[in-house]
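Take a look at the structure set out below.
The values are calculated or read from the model by the stated rules, or taken from the named source; none is laboratory data. Fair warning: this is a prediction, and the values are worked out from it, not measured in the lab. Here Cβ is always computed from backbone atoms with ideal geometry, including for glycine, and neighbour counts include all displayed protein chains. Remember, those area values only see protein heavy atoms, side chains included, never the ligands or the DNA or RNA. Shrake-Rupley method; radii C 1.70, N 1.55, O 1.52, S 1.80 Å.
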Amino acid sequence: ALNLSLHADPPERMVVDKDRASFGRIEDEKPVASEAINPDEFAAYNEILTFANQFSSADLQSAARRDLAFKDLFHPIRKDYRLDLVYFEGRLQRLRSVGPTRPLREAGMTTLYEGWMFPKGEPNPIAFLCTELPEGLSAQKDVAKEKLDRWVGFAGYSFKLIVYESAEVQPNDPMRGKPRRAPLLMGKAPTLIGKPPDETGAMWHNTFLPIVLAAIGCRLTRIPGRGRPG
């Protein structure tokens with residue numbers, strides 16, 4: 001049975017050694033770095049994904065802490081939780097396959113999945129990377145044309161607060177070209193869950209959300225594995 005307590009210490013085998021030197025070079029408020037830009041962060045990226053991949057999604061969910069709010073990963077306090085195993089739920093609106101880096105390919109990973117989910121009531125998303133998808137969920141072949149609206153839960157290691165550029169089409173929009181931020185988690189697979197019974201926000205979902213998704217679809221291009229393998 002899953003241990004769904006809000007905050008229980010995970011088994012030692014599932015705890016990341018935060019004292020590793022490469023982990024100290026992970027830089028917030030930037031895209032995920034390539035090997036040429038920040039080799040230590042690039043190494044950390046590969047190490048954490050490889051570490052998470054050895055566990056089942058059920059084991060990760062069972063061990064993940066559930067006492068954090070979205071703002072805990074969005075505001076400066078996030079540094080207290082870097083590389084902690086955390087669990088969040090949200091509306092999944094983007095899901096695409098991305099190429100793994102060379103170290104991940106050498107570790108046996110042939111495909112990664114990049115997902116974007118919006119926690120209930122939040123205008124900003126959580127990004128996640130995983131190595132598997134559950135039955136009933138598949139990556140979009142064309143994120144510009146295919147709609148996705150599924151509620152999921154995801155347990156992953158909190159890696160950093162990434163930055164991507166806004167891509168609004170309105171030329172006079174004050175947010176055009178401005179950076180947006182999203183926490184990035186790394187885990188094994190999302191889990192399909194039911195829609196929250198009191199989930200509302202239809203106006204936000206129909207107006208503001210498409211603008212944010214446009215930014216995600218057009219500008220998130222520097223996660224390692226997008227384009228040239230590392």
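Under 1.5 on a/c is rounded, so check that first for segment 78-147, then, if it is not, pick prolate when a/b is larger than b/c and oblate when it is not; a ≥ b ≥ c are the square roots of the alpha carbon gyration tensor eigenvalues.
oblate
Which listed residue (Phe74, Pro39, Leu49) has the Cα farthest towards the positive end of the charge dipole for segment 24-74, taking +1 on Lys and Arg C-beta and -1 on Asp and Glu C-beta about the Cα centre?
About the Cα centre, the residue reaching furthest to the positive side is Phe74.
Over segment 1-101, average the accessible area per residue using a 1.4 Å probe and give it in Å², no decimals.
48 Å²
Spin-label point model (7 Å from Cα, Cβ direction): what's the Phe74 to Glu146 distance in nm?
A separation of 2.8 nm, rounded to one decimal place.
Which distance in nm do the two modelled labels at Asn124 and Lys18 give, with both placed 7 Å along the Cα-to-Cβ direction?
2.0 nm
Tell me, what % of the accessible area of segment 1-130 is carbon and sulfur with a 1.4 angstrom probe? Spell out each step's value before the answer.
Working: 2870 of 5920 Å².
For segment 1-130, the apolar C and S fraction of the accessible surface comes to 49 percent.
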